[in-house]
Amino acid sequence: MGTYACTASLAGGLAALALGGAAASSAMPAPVGSAQDVVNALQARGFHVIVNVVADAPLDTCAVTAVRPGSDVVVGVGAPLEKPLYTTVYVDVTC
């Protein structure tokens, strides 16, 4: 059993709906394929992905049950040029 944490980019339609606001403009496809495929797609979009799984199976044999928004990590907090460095997304997986 374990929880895998991966730095990742985000791609997926469900997460876009969950993130709302400006993040919703980055269209993400619905989770399709293995959990590894979804994580790879999210990584390609520049998201920080944390995978929650209780299993010892490889992610390519698992399925995504949920994609949940996390918080933005911001550079220049309070500055006029404040911008997000990355957004965290949580991916729940079952094997």
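General observations
- Which listed residue, of Val64, Val74, Val39, Val51, is on the phi < 0 side of the Ramachandran plot, of a type in the set (Val, Ile, Thr), surrounded by 13 or more Cβ atoms within 10 Å (Cβ to Cβ) and modelled with pLDDT under 80: Val74
- Of the residues in the stretch 25-32, at least one is in contact with a helix residue (DSSP H, G or I) (Cβ under 9 Å, 6 or more places away or on another chain) and at pLDDT 70 or above.
- The set of residues in the stretch 34-74 being among the hydrophobic types (A, V, I, L, M, F, W, C) and assigned to a helix (DSSP H, G or I) consists of Ala35, Val38, Val39, Ala41, Leu42, Ala44, Leu59.
The values are calculated or read from the model by the stated rules, or taken from the named source; none is laboratory data. Keep in mind the model is a prediction, meaning the values are calculated, not measured. Note: ideal-geometry Cβ built from the backbone for every residue, glycine included; neighbour counts use all protein chains shown.
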